[in-house]
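Trainee: If you scroll down you'll find the structure; I have some questions about it.
The values are calculated or read from the model by the stated rules, or taken from the named source; none is laboratory data. Quantities reported herein were computed from a predicted structural model and do not represent experimental measurements. For neighbour counting, all protein chains shown are included, and Cβ atoms are generated from backbone atoms with ideal geometry for every residue, glycine included.
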Amino acid sequence: MKLTMSGLLLVVLVAVMAGCSSKGGTKGDVAVEDRGIGADGAYTSGAAGAGSYDMAALNDPNSPLSRRVIYFDYDSAEISAADQDTLMAHAGFLVANSGARITLEGNTDERGSREYNIALGDRRGQSVQRILELNGVPSGQISVVSYGEEKPAAEGHSEAAWRLNRRVEIVYP
């Protein structure tokens, strides 16, 4: 049997996906947690059980939906592991509430040119959008806008101020 380059690629891809398809369980001494969106559209977690959020959860300070700012490192659009649970909660809410819409507002600190900061703010918003879409949120529920350095959360020229300005705000209209 003659194997073409595309055939070989397909075989490798299937093998890799088969190796990555396990859910739950353990790997060595580290517990692996199964997380995702359940059939009912609610946020689920293998460890914490299922949770669902209605419209009232948006204004509940005890709800994970009250956290609506994702912060970034300097010159980065990479989402931290600490923000994954927040984004999973928002994804679960948006999937369960198909009429809900959000705007992701990308922001940067003042360093860099205006054009660079607009592009970086957009990349940050796109990173958040990608996580939400990978967790079942239709793209029609999400819009992204970049303000670059134009809407600082904190005034000042220090690392403390810059840290607060490197963010994406999740805005429910």
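Trainee: Which members of segment 64-98 meet the condition of being among the aromatic types (F, W, Y) and within 24 Å of E110 (Cα to Cα)? Talk me through it step by step, then tell me what you get.
Mentor: First, the residues of segment 64-98 that are among the aromatic types (F, W, Y): 71-72, 74, 93.
Selection gives Y71, F72, Y74.
Trainee: Test R114 against the stated conditions and say whether it is in contact (Cβ under 8 Å) with a residue 40 or more places away in the chain and more than 17 Å from Y53 (Cα to Cα).
Mentor: no
Trainee: A further question follows. If you go through segment 58-69 one residue at a time, do you hit one that is acidic (D, E), over 30 Å from A119 (Cβ atoms), in a loop (DSSP other than H, G, I, E, B) and at pLDDT 85 or above?
Mentor: Yes, segment 58-69 contains at least one residue that is acidic (D, E), over 30 Å from A119 (Cβ atoms), in a loop (DSSP other than H, G, I, E, B) and at pLDDT 85 or above.
Trainee: Which of the residues spanning segment 90-137 are more than 10 Å from the chain's Cα centre (by Cα), among the aliphatic types (A, V, I, L, M) and within 19 Å of R167 (Cβ to Cβ)?
Mentor: I102, L104, I118, A119, L120
Trainee: Sticking with this one: Filter the helices (runs of 4 or more DSSP H) completely within segment 70-173 down to those with at least 2 residues that are surrounded by fewer than 18 Cβ atoms within 10 Å (Cβ to Cβ) and out of contact with any Lys or Arg (no Cβ under 9 Å at 6 or more places or on another chain).
Mentor: The qualifying helices (runs of 4 or more DSSP H) are 114-134, 159-165.
Per-residue answers, yes or no, for (1) more than 23 Å from L58 (Cα to Cα); (2) among the aromatic types (F, W, Y):
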| residue | (1), (2) |
| --- | --- |
| A96 | no, no |
| A100 | no, no |
| R111 | yes, no |
| N117 | yes, no |
| G125 | no, no |
| V128 | no, no |
| G156 | yes, no |
| Y172 | no, yes |
